[in-house]
Amino acid sequence: MTTTPRRETLEKLTPVLTKRWLSPDAWRLDVYERLDGYAALRKALGAHPDDLIQLVKDSGLRGRGGAGFPTGLKWGFIPQGDGKPHYLVVNADEGEPGTCKDLPLMTHDPHSLVEGVIIASYAIRANRAYIYIRGEAVHAARRLRNAVQEAYRAGYLGENILGSGFDLELVVHSGAGAYICGEETALLDSLEGFRGQPRLRPPFPATHGLYACPTVVNNVGTIASVPYIVLGGAAWWKSMGTEKSSGPMIYSLSGRINNPGQYEAGLGITLRELIELAGGMQAGHELRFWTPGGSSTPLLTAEHLDVPLDFEGVAAAGSILGTTATQIFSDQDCPVYATYRWLEFYHHESCGKCTPCREGNYWMVRTYRRILAGQGTHEDLDTLLDTCDNILGRSFCGLGDGATSPVTSSLQYFKQDYLDYIEGRTAPKLSEKTLVGAH
(Lines give C-alpha, C1' and ligand atoms only; values in the text may rest on other atoms or scores of the structure.)
Protein backbone atom coordinates (compact mmCIF):
# COMPACT_ATOMS: atom_id res chain seq x y z
CA MET A 1 0.00 0.00 0.00
CA THR A 2 1.37 3.39 -1.01
CA THR A 3 1.49 5.95 1.78
CA THR A 4 1.09 9.71 1.32
CA PRO A 5 4.05 11.78 2.57
CA ARG A 6 3.40 14.26 5.34
CA ARG A 7 3.47 17.97 4.53
CA GLU A 8 6.69 18.54 6.51
CA THR A 9 8.37 15.75 4.56
CA LEU A 10 7.17 17.07 1.18
CA GLU A 11 8.68 20.42 2.09
CA LYS A 12 12.08 18.71 2.12
CA LEU A 13 11.92 18.49 -1.68
CA THR A 14 13.94 21.24 -3.35
CA PRO A 15 13.56 20.98 -7.14
CA VAL A 16 16.48 22.93 -8.59
CA LEU A 17 18.28 20.77 -11.14
CA THR A 18 15.05 18.80 -11.67
CA LYS A 19 12.65 21.74 -11.84
CA ARG A 20 12.31 21.63 -15.65
CA TRP A 21 12.02 17.86 -15.99
CA LEU A 22 8.23 17.80 -16.08
CA SER A 23 7.92 20.74 -18.49
CA PRO A 24 6.87 19.55 -21.96
CA ASP A 25 9.78 19.61 -24.41
CA ALA A 26 12.15 21.14 -21.84
CA TRP A 27 15.03 19.68 -23.83
CA ARG A 28 14.34 22.13 -26.67
CA LEU A 29 16.15 25.47 -26.74
CA ASP A 30 13.03 27.67 -27.08
CA VAL A 31 11.42 26.04 -24.03
CA TYR A 32 14.66 26.22 -22.05
CA GLU A 33 15.04 29.94 -22.81
CA ARG A 34 11.48 30.62 -21.62
CA LEU A 35 12.41 28.93 -18.32
CA ASP A 36 15.39 31.22 -17.52
CA GLY A 37 17.70 29.33 -19.85
CA TYR A 38 21.03 31.04 -20.67
CA ALA A 39 20.23 33.99 -18.40
CA ALA A 40 23.05 32.83 -16.13
CA LEU A 41 25.45 32.74 -19.08
CA ARG A 42 24.73 36.38 -19.93
CA LYS A 43 25.33 37.32 -16.31
CA ALA A 44 28.53 35.25 -16.11
CA LEU A 45 30.06 36.71 -19.26
CA GLY A 46 29.79 40.14 -17.67
CA ALA A 47 31.88 39.04 -14.69
CA HIS A 48 35.61 38.41 -14.34
CA PRO A 49 36.52 34.70 -14.54
CA ASP A 50 38.24 34.85 -11.14
CA ASP A 51 35.06 36.23 -9.60
CA LEU A 52 33.13 33.23 -10.93
CA ILE A 53 35.64 30.84 -9.39
CA GLN A 54 35.30 32.68 -6.09
CA LEU A 55 31.50 32.53 -6.34
CA VAL A 56 31.60 28.75 -6.72
CA LYS A 57 34.03 28.54 -3.81
CA ASP A 58 31.73 30.68 -1.66
CA SER A 59 28.73 28.49 -2.55
CA GLY A 60 30.41 25.43 -1.09
CA LEU A 61 29.49 23.36 -4.15
CA ARG A 62 31.11 19.94 -3.90
CA GLY A 63 31.52 17.40 -6.69
CA ARG A 64 28.38 15.37 -7.43
CA GLY A 65 30.32 12.47 -8.93
CA GLY A 66 31.05 10.68 -5.66
CA ALA A 67 34.21 12.17 -4.17
CA GLY A 68 32.62 15.41 -2.99
CA PHE A 69 35.72 17.53 -3.66
CA PRO A 70 35.13 21.33 -3.47
CA THR A 71 34.44 22.45 -7.04
CA GLY A 72 35.73 26.01 -6.77
CA LEU A 73 38.97 24.76 -5.24
CA LYS A 74 39.46 22.36 -8.16
CA TRP A 75 38.89 25.19 -10.65
CA GLY A 76 41.38 27.34 -8.76
CA PHE A 77 44.12 24.73 -9.22
CA ILE A 78 44.29 25.51 -12.96
CA PRO A 79 47.46 27.59 -13.54
CA GLN A 80 46.81 30.82 -15.43
CA GLY A 81 49.13 32.56 -17.84
CA ASP A 82 51.00 29.33 -18.58
CA GLY A 83 50.65 29.63 -22.34
CA LYS A 84 48.96 26.20 -22.62
CA PRO A 85 45.42 25.43 -23.78
CA HIS A 86 43.01 24.64 -20.95
CA TYR A 87 40.28 22.01 -21.13
CA LEU A 88 37.02 21.24 -19.36
CA VAL A 89 35.93 17.62 -19.44
CA VAL A 90 32.51 16.55 -18.18
CA ASN A 91 32.31 13.02 -16.84
CA ALA A 92 28.98 11.67 -18.11
CA ASP A 93 30.06 8.02 -17.96
CA GLU A 94 27.43 7.11 -15.37
CA GLY A 95 27.60 3.33 -15.05
CA GLU A 96 27.68 2.16 -11.42
CA PRO A 97 24.85 -0.18 -10.40
CA GLY A 98 22.00 1.85 -8.94
CA THR A 99 23.28 5.22 -10.17
CA CYS A 100 20.79 7.02 -12.41
CA LYS A 101 20.79 10.79 -11.85
CA ASP A 102 22.94 12.11 -14.72
CA LEU A 103 21.22 10.31 -17.59
CA PRO A 104 17.73 11.70 -16.86
CA LEU A 105 19.25 15.16 -16.41
CA MET A 106 20.87 14.99 -19.85
CA THR A 107 17.70 13.53 -21.37
CA HIS A 108 15.18 15.99 -19.92
CA ASP A 109 17.28 19.15 -19.51
CA PRO A 110 20.45 18.93 -21.63
CA HIS A 111 20.79 22.69 -22.07
CA SER A 112 21.40 23.15 -18.34
CA LEU A 113 24.55 21.06 -18.75
CA VAL A 114 25.57 22.92 -21.92
CA GLU A 115 25.09 26.28 -20.20
CA GLY A 116 27.08 25.07 -17.19
CA VAL A 117 29.88 23.94 -19.50
CA ILE A 118 30.12 27.37 -21.13
CA ILE A 119 30.22 29.20 -17.79
CA ALA A 120 32.76 26.81 -16.27
CA SER A 121 34.96 27.00 -19.38
CA TYR A 122 34.88 30.79 -19.25
CA ALA A 123 35.87 30.71 -15.57
CA ILE A 124 38.91 28.46 -16.10
CA ARG A 125 39.83 30.09 -19.45
CA ALA A 126 39.18 26.97 -21.53
CA ASN A 127 38.34 27.34 -25.21
CA ARG A 128 37.59 23.69 -25.78
CA ALA A 129 35.36 21.38 -23.73
CA TYR A 130 34.31 17.76 -23.95
CA ILE A 131 31.36 15.82 -22.59
CA TYR A 132 32.34 12.16 -22.32
CA ILE A 133 29.09 10.17 -22.28
CA ARG A 134 28.60 6.47 -21.76
CA GLY A 135 28.32 4.56 -25.05
CA GLU A 136 25.07 2.79 -24.12
CA ALA A 137 23.33 6.10 -23.32
CA VAL A 138 22.12 6.53 -26.89
CA HIS A 139 18.96 8.56 -26.20
CA ALA A 140 20.66 10.93 -23.77
CA ALA A 141 23.54 11.42 -26.21
CA ARG A 142 21.11 12.31 -29.02
CA ARG A 143 19.38 14.88 -26.83
CA LEU A 144 22.74 16.30 -25.77
CA ARG A 145 24.08 16.56 -29.32
CA ASN A 146 20.87 18.23 -30.42
CA ALA A 147 21.21 20.74 -27.57
CA VAL A 148 24.81 21.48 -28.58
CA GLN A 149 23.76 22.08 -32.20
CA GLU A 150 20.96 24.40 -31.05
CA ALA A 151 23.43 26.31 -28.85
CA TYR A 152 25.81 26.77 -31.78
CA ARG A 153 23.02 28.10 -33.99
CA ALA A 154 21.89 30.52 -31.28
CA GLY A 155 25.38 31.90 -30.73
CA TYR A 156 25.90 30.36 -27.29
CA LEU A 157 28.79 28.27 -28.62
CA GLY A 158 31.48 28.97 -31.19
CA GLU A 159 33.33 32.26 -31.74
CA ASN A 160 32.67 35.50 -29.85
CA ILE A 161 29.85 34.10 -27.70
CA LEU A 162 27.13 36.77 -27.25
CA GLY A 163 29.66 39.42 -28.31
CA SER A 164 31.86 38.76 -25.28
CA GLY A 165 35.01 37.89 -27.17
CA PHE A 166 35.01 34.44 -25.57
CA ASP A 167 35.30 31.42 -27.89
CA LEU A 168 34.34 27.84 -27.02
CA GLU A 169 34.13 24.61 -28.98
CA LEU A 170 32.14 21.81 -27.32
CA VAL A 171 32.43 18.16 -28.34
CA VAL A 172 30.12 15.34 -27.20
CA HIS A 173 32.13 12.10 -27.23
CA SER A 174 30.56 8.67 -26.76
CA GLY A 175 32.78 6.11 -25.05
CA ALA A 176 32.65 2.38 -25.51
CA GLY A 177 30.83 1.63 -22.28
CA ALA A 178 33.59 0.85 -19.78
CA TYR A 179 32.90 1.52 -16.10
CA ILE A 180 36.59 2.19 -15.51
CA CYS A 181 36.24 5.31 -17.68
CA GLY A 182 34.26 6.88 -14.87
CA GLU A 183 37.67 7.28 -13.21
CA GLU A 184 38.85 10.67 -14.40
CA THR A 185 42.31 9.75 -15.65
CA ALA A 186 41.04 6.60 -17.41
CA LEU A 187 38.44 8.84 -19.03
CA LEU A 188 41.18 11.18 -20.26
CA ASP A 189 43.16 8.28 -21.72
CA SER A 190 40.04 7.04 -23.51
CA LEU A 191 39.28 10.53 -24.79
CA GLU A 192 42.80 10.71 -26.23
CA GLY A 193 42.19 7.45 -28.11
CA PHE A 194 44.00 5.06 -25.80
CA ARG A 195 42.70 2.13 -23.81
CA GLY A 196 40.76 3.34 -20.77
CA GLN A 197 43.11 2.76 -17.84
CA PRO A 198 43.89 4.99 -14.84
CA ARG A 199 47.06 7.06 -14.86
CA LEU A 200 49.65 7.34 -12.12
CA ARG A 201 49.21 10.50 -10.05
CA PRO A 202 50.96 12.88 -9.57
CA PRO A 203 51.02 14.70 -11.91
CA PHE A 204 47.34 15.58 -11.55
CA PRO A 205 44.92 16.61 -14.30
CA ALA A 206 44.92 20.21 -13.02
CA THR A 207 48.39 20.61 -14.57
CA HIS A 208 48.80 17.51 -16.78
CA GLY A 209 45.36 16.38 -17.91
CA LEU A 210 44.01 16.07 -21.44
CA TYR A 211 46.92 16.17 -23.90
CA ALA A 212 49.19 16.94 -20.91
CA CYS A 213 47.53 20.34 -20.46
CA PRO A 214 45.67 21.88 -17.49
CA THR A 215 42.27 20.19 -17.27
CA VAL A 216 39.22 20.27 -15.01
CA VAL A 217 37.16 17.07 -14.87
CA ASN A 218 33.72 17.47 -13.30
CA ASN A 219 30.58 15.37 -13.05
CA VAL A 220 27.37 16.21 -14.95
CA GLY A 221 25.48 17.23 -11.80
CA THR A 222 28.33 19.46 -10.68
CA ILE A 223 28.49 21.44 -13.92
CA ALA A 224 24.69 21.60 -14.30
CA SER A 225 24.55 23.23 -10.84
CA VAL A 226 26.71 26.18 -11.92
CA PRO A 227 24.04 28.24 -13.79
CA TYR A 228 21.75 28.10 -10.76
CA ILE A 229 24.53 29.33 -8.48
CA VAL A 230 25.34 32.20 -10.87
CA LEU A 231 21.68 33.29 -10.95
CA GLY A 232 20.77 32.61 -7.33
CA GLY A 233 24.03 33.45 -5.60
CA ALA A 234 26.18 31.64 -3.08
CA ALA A 235 23.97 32.47 -0.07
CA TRP A 236 20.87 31.07 -1.77
CA TRP A 237 22.71 27.85 -2.64
CA LYS A 238 23.98 27.49 0.92
CA SER A 239 20.45 27.96 2.27
CA MET A 240 19.87 24.35 1.18
CA GLY A 241 21.76 21.39 2.59
CA THR A 242 24.06 21.57 5.58
CA GLU A 243 26.95 23.79 6.62
CA LYS A 244 29.65 21.59 5.08
CA SER A 245 27.48 19.93 2.41
CA SER A 246 25.61 22.75 0.72
CA GLY A 247 22.90 22.71 -1.91
CA PRO A 248 20.40 20.17 -3.19
CA MET A 249 21.20 16.65 -4.35
CA ILE A 250 19.39 14.24 -6.63
CA TYR A 251 18.80 11.00 -4.71
CA SER A 252 18.17 8.00 -6.98
CA LEU A 253 15.89 5.58 -5.14
CA SER A 254 15.43 2.03 -6.37
CA GLY A 255 14.46 -1.32 -4.89
CA ARG A 256 11.67 -2.32 -2.51
CA ILE A 257 9.80 0.98 -2.44
CA ASN A 258 6.48 1.90 -4.01
CA ASN A 259 7.65 4.81 -6.16
CA PRO A 260 11.30 4.47 -7.26
CA GLY A 261 12.84 7.43 -9.03
CA GLN A 262 14.80 10.64 -8.56
CA TYR A 263 14.06 12.84 -5.55
CA GLU A 264 15.89 16.16 -5.25
CA ALA A 265 16.30 17.41 -1.69
CA GLY A 266 18.80 19.37 0.34
CA LEU A 267 21.83 17.41 1.46
CA GLY A 268 21.21 16.04 4.93
CA ILE A 269 17.80 14.46 4.34
CA THR A 270 17.44 10.97 5.87
CA LEU A 271 16.53 7.65 4.30
CA ARG A 272 13.43 7.53 6.49
CA GLU A 273 12.23 10.75 4.86
CA LEU A 274 13.20 9.60 1.35
CA ILE A 275 11.27 6.35 1.77
CA GLU A 276 8.27 8.37 2.93
CA LEU A 277 8.56 10.57 -0.17
CA ALA A 278 8.72 7.40 -2.28
CA GLY A 279 5.41 6.15 -0.88
CA GLY A 280 6.86 3.79 1.69
CA MET A 281 8.18 0.25 1.47
CA GLN A 282 6.35 -2.23 -0.74
CA ALA A 283 3.66 -4.26 0.98
CA GLY A 284 5.10 -7.21 2.91
CA HIS A 285 8.63 -5.83 2.84
CA GLU A 286 10.65 -4.44 5.72
CA LEU A 287 13.91 -2.53 5.24
CA ARG A 288 16.99 -4.63 5.94
CA PHE A 289 19.97 -3.10 4.12
CA TRP A 290 20.69 -0.32 1.63
CA THR A 291 23.44 1.51 -0.23
CA PRO A 292 23.74 5.26 0.39
CA GLY A 293 25.75 5.97 -2.75
CA GLY A 294 25.78 3.03 -5.14
CA SER A 295 27.28 -0.44 -5.05
CA SER A 296 30.80 0.85 -4.28
CA THR A 297 29.73 2.26 -0.90
CA PRO A 298 29.59 0.17 2.30
CA LEU A 299 26.13 -1.16 3.10
CA LEU A 300 24.04 0.38 5.84
CA THR A 301 21.12 -1.20 7.70
CA ALA A 302 17.72 -0.30 9.15
CA GLU A 303 19.59 1.06 12.17
CA HIS A 304 20.86 3.89 9.95
CA LEU A 305 17.45 5.19 8.82
CA ASP A 306 18.01 8.57 10.43
CA VAL A 307 21.61 9.18 9.31
CA PRO A 308 21.88 12.57 7.57
CA LEU A 309 22.59 11.85 3.91
CA ASP A 310 25.36 14.37 3.45
CA PHE A 311 29.10 13.85 3.02
CA GLU A 312 29.92 14.08 6.74
CA GLY A 313 26.88 12.25 8.10
CA VAL A 314 27.29 9.17 5.93
CA ALA A 315 31.05 9.05 6.60
CA ALA A 316 30.38 9.13 10.35
CA ALA A 317 28.10 6.10 9.90
CA GLY A 318 30.93 4.18 8.23
CA SER A 319 29.98 4.56 4.58
CA ILE A 320 30.31 7.06 1.70
CA LEU A 321 27.67 9.35 0.19
CA GLY A 322 29.00 8.57 -3.30
CA THR A 323 26.53 9.28 -6.10
CA THR A 324 23.48 9.10 -3.79
CA ALA A 325 22.32 5.96 -5.60
CA THR A 326 20.13 4.59 -2.82
CA GLN A 327 19.35 0.93 -3.46
CA ILE A 328 16.83 -0.33 -0.89
CA PHE A 329 16.64 -4.02 0.05
CA SER A 330 14.16 -5.77 2.32
CA ASP A 331 14.03 -8.76 4.64
CA GLN A 332 13.21 -10.84 1.56
CA ASP A 333 16.55 -10.04 -0.09
CA CYS A 334 19.81 -11.85 0.55
CA PRO A 335 22.86 -9.65 1.30
CA VAL A 336 25.22 -12.48 0.33
CA TYR A 337 23.67 -12.88 -3.11
CA ALA A 338 23.46 -9.10 -3.64
CA THR A 339 27.16 -8.76 -2.82
CA TYR A 340 27.98 -11.60 -5.22
CA ARG A 341 26.15 -9.86 -8.07
CA TRP A 342 27.96 -6.58 -7.39
CA LEU A 343 31.29 -8.40 -7.32
CA GLU A 344 30.53 -9.99 -10.66
CA PHE A 345 30.15 -6.47 -12.04
CA TYR A 346 33.45 -5.24 -10.58
CA HIS A 347 35.28 -8.34 -11.75
CA HIS A 348 33.91 -7.84 -15.26
CA GLU A 349 34.68 -4.10 -15.32
CA SER A 350 38.20 -4.29 -13.89
CA CYS A 351 40.60 -2.93 -16.49
CA GLY A 352 43.23 -5.46 -15.42
CA LYS A 353 46.04 -2.92 -15.02
CA CYS A 354 46.82 -3.78 -11.39
CA THR A 355 47.16 -7.18 -9.78
CA PRO A 356 45.13 -6.63 -6.58
CA CYS A 357 41.95 -5.66 -8.43
CA ARG A 358 42.39 -8.01 -11.38
CA GLU A 359 43.16 -11.11 -9.32
CA GLY A 360 41.35 -10.23 -6.09
CA ASN A 361 37.93 -9.72 -7.66
CA TYR A 362 38.40 -12.82 -9.83
CA TRP A 363 38.95 -15.05 -6.83
CA MET A 364 36.34 -13.40 -4.63
CA VAL A 365 33.67 -14.07 -7.27
CA ARG A 366 34.62 -17.74 -7.21
CA THR A 367 34.56 -17.86 -3.45
CA TYR A 368 31.05 -16.42 -3.44
CA ARG A 369 29.94 -18.98 -6.00
CA ARG A 370 31.11 -21.77 -3.70
CA ILE A 371 29.32 -20.28 -0.71
CA LEU A 372 26.07 -19.72 -2.62
CA ALA A 373 26.24 -23.25 -4.06
CA GLY A 374 26.38 -24.72 -0.56
CA GLN A 375 30.04 -25.74 -0.76
CA GLY A 376 31.61 -22.90 1.19
CA THR A 377 33.76 -23.27 4.28
CA HIS A 378 34.35 -21.15 7.36
CA GLU A 379 37.83 -20.43 6.04
CA ASP A 380 36.25 -18.77 2.99
CA LEU A 381 35.13 -15.86 5.16
CA ASP A 382 38.68 -15.26 6.35
CA THR A 383 39.87 -15.52 2.76
CA LEU A 384 37.36 -12.88 1.65
CA LEU A 385 38.48 -10.44 4.34
CA ASP A 386 42.14 -11.12 3.64
CA THR A 387 41.59 -10.55 -0.09
CA CYS A 388 39.79 -7.27 0.62
CA ASP A 389 42.69 -6.22 2.81
CA ASN A 390 45.05 -6.82 -0.08
CA ILE A 391 42.88 -4.81 -2.51
CA LEU A 392 41.87 -1.84 -0.37
CA GLY A 393 44.47 0.91 -0.64
CA ARG A 394 46.67 -1.25 -2.87
CA SER A 395 44.79 -1.15 -6.16
CA PHE A 396 45.75 1.42 -8.78
CA CYS A 397 42.46 3.32 -8.59
CA GLY A 398 39.19 3.43 -6.68
CA LEU A 399 37.50 0.60 -8.59
CA GLY A 400 39.28 -2.01 -6.52
CA ASP A 401 38.59 -0.14 -3.28
CA GLY A 402 34.91 0.17 -4.16
CA ALA A 403 34.60 -3.54 -4.89
CA THR A 404 35.62 -4.38 -1.32
CA SER A 405 32.94 -2.17 0.25
CA PRO A 406 29.93 -4.50 -0.08
CA VAL A 407 32.07 -7.50 0.95
CA THR A 408 33.44 -6.10 4.20
CA SER A 409 30.21 -4.32 5.17
CA SER A 410 27.98 -7.34 4.49
CA LEU A 411 30.30 -9.51 6.56
CA GLN A 412 30.20 -6.90 9.30
CA TYR A 413 26.41 -6.75 9.50
CA PHE A 414 25.25 -10.07 8.05
CA LYS A 415 27.86 -12.69 8.88
CA GLN A 416 25.11 -15.04 10.03
CA ASP A 417 23.69 -15.10 6.50
CA TYR A 418 27.04 -16.38 5.24
CA LEU A 419 27.18 -19.00 7.98
CA ASP A 420 23.67 -20.15 7.12
CA TYR A 421 24.83 -21.02 3.60
CA ILE A 422 28.04 -22.63 4.83
CA GLU A 423 26.34 -24.67 7.57
CA GLY A 424 23.39 -25.73 5.44
CA ARG A 425 20.52 -23.78 7.02
CA THR A 426 19.88 -21.81 3.81
CA ALA A 427 19.23 -23.64 0.56
CA PRO A 428 21.85 -23.01 -2.15
CA LYS A 429 21.02 -20.20 -4.59
CA LEU A 430 23.46 -21.35 -7.25
CA SER A 431 23.80 -24.74 -8.85
CA GLU A 432 27.01 -26.76 -8.94
CA LYS A 433 27.47 -26.04 -12.63
CA THR A 434 28.40 -22.46 -11.68
CA LEU A 435 31.46 -23.87 -9.96
CA VAL A 436 33.11 -25.11 -13.15
CA GLY A 437 36.53 -23.53 -13.12
CA ALA A 438 35.86 -21.86 -9.78
CA HIS A 439 38.29 -23.91 -7.71
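Could you tell me whether segment 250-266 includes any residue that is farther than 25 Å from G232 by Cβ, out of contact with any strand residue (DSSP E or B) (no Cβ under 9 Å at 6 or more places or on another chain) and either modelled with pLDDT of 95 or more or not hydroxyl-bearing (S, T, Y) (or both)?
Looking through segment 250-266, none of the residues is farther than 25 Å from G232 by Cβ, out of contact with any strand residue (DSSP E or B) (no Cβ under 9 Å at 6 or more places or on another chain) and either modelled with pLDDT of 95 or more or not hydroxyl-bearing (S, T, Y) (or both).
Please go through segment 159-196 and give me each residue that is open to solvent by less than 30 Å² (accessible area, probe 1.4 Å) and over 20 Å from V216 (Cα atoms), ordered by number.
Answer for segment 159-196, where residues must be open to solvent by less than 30 Å² (accessible area, probe 1.4 Å) and over 20 Å from V216 (Cα atoms): I161, G177.
Are any residues in segment 371-411 open to solvent by less than 20 Å² (accessible area, probe 1.4 Å), out of contact with any helix residue (DSSP H, G or I) (no Cβ under 8 Å at 6 or more places or on another chain) and either free of Cβ contacts under 8 Å to residues at least 40 places away in the same chain or charged (D, E, K, R) (or both), and if so, which ones?
none
Could you please let me know if I269 is touching a residue at least 12 places away in the same chain (Cβ under 8 Å), surrounded by 21 or more Cβ atoms within 10 Å (Cβ to Cβ), farther than 20 Å from E96 by Cβ and hydrophobic (A, V, I, L, M, F, W, C)?
Taking the combined requirement at face value, the residue satisfies it.
Does segment 268-278 contain at least one residue that is touching a strand residue (DSSP E or B) at 6+ places or on another chain (Cβ under 6 Å) and of a type in the set (S, T, Y)?
Looking for residues that are touching a strand residue (DSSP E or B) at 6+ places or on another chain (Cβ under 6 Å) and of a type in the set (S, T, Y), one finds none in segment 268-278, hence no.
Can you tell me how many residues in segment 334-346 are of a type outside the set (S, T, Y) and open to solvent by 40 Å² or more (accessible area, probe 1.4 Å)?
Qualifying residue count for the region: 3.
Assuming E349 fulfils every condition listed in (1) under 20 Å from P97 (Cβ atoms); (2) surrounded by fewer than 19 Cβ atoms within 10 Å (Cβ to Cβ); (3) of a type in the set (D, E) apart from one, which condition is it?
(2)
Of all residues in segment 412-439, how many are modelled with pLDDT of 95 or more, under 30 Å from G322 (Cβ atoms), part of a helix (DSSP H, G or I) and open to solvent by 20 Å² or more (accessible area, probe 1.4 Å)?
Final tally of qualifying residues: 7.
Among the residues of segment 154-175, write down those that are touching a residue at least 24 places away in the same chain (Cβ under 8 Å) and farther than 24 Å from R64 by Cβ.
A154, I161, L162, S164, F166, D167, E169
Residues of segment 66-92 being of a type in the set (G, A, S), in a loop (DSSP other than H, G, I, E, B) and open to solvent by 10 Å² or more (accessible area, probe 1.4 Å), which ones?
Matches in segment 66-92: G66, A67, G81, G83.
So which residues in segment 125-158 are assigned to a loop (DSSP other than H, G, I, E, B) and either open to solvent by less than 30 Å² (accessible area, probe 1.4 Å) or more than 28 Å from A47 (Cβ to Cβ) (or both), if there are any at all?
A126, R134, G135, E136, A137, G155, Y156, L157
Kindly indicate whether D58 is open to solvent by less than 10 Å² (accessible area, probe 1.4 Å) and acidic (D, E).
Here the answer is no, as D58 does not meet what is asked.
So which pairs qualify, if the first residue must be in segment 76-90 and aromatic (F, W, Y), the second must be open to solvent by 30 Å² or more (accessible area, probe 1.4 Å), the Cβ gap must be under 7 Å, and the two must be at least 6 apart or on different chains?
If the second residue must be open to solvent by 30 Å² or more (accessible area, probe 1.4 Å), the pairs left are Y87/R128.
Mind checking which residues of segment 355-370 are open to solvent by 20 Å² or more (accessible area, probe 1.4 Å) and among the hydrophobic types (A, V, I, L, M, F, W, C)?
W363
Among all residue pairs at least 6 apart or on different chains, which show Cβ distances below 7 Å where the first residue, located in segment 3-22, is in a helix (DSSP H, G or I) and the second is among the charged types (D, E, K, R)?
Close Cβ pairs satisfying both conditions: T9/E273; T9/E276.
Can you pull out every residue in segment 185-218 that is under 29 Å from H139 (Cβ atoms) and touching a Pro at 6+ places or on another chain (Cβ under 6 Å)?
T185, A186, T215, V217
Residue under question is A224, and the condition is that it be in contact (Cβ under 8 Å) with a residue 40 or more places away in the chain and within 19 Å of the chain's Cα centre (by Cα); does it hold?
In short, yes.
The values are calculated or read from the model by the stated rules, or taken from the named source; none is laboratory data. Because the structure is predicted, anything quoted here is derived from the model rather than measured. FYI the Cβ positions are ideal-geometry reconstructions off the backbone, even for glycines, and counts take in every protein chain you see. Side chains included, ligands, DNA and RNA excluded: accessible areas come from the protein's heavy atoms. Shrake-Rupley method; radii C 1.70, N 1.55, O 1.52, S 1.80 Å.
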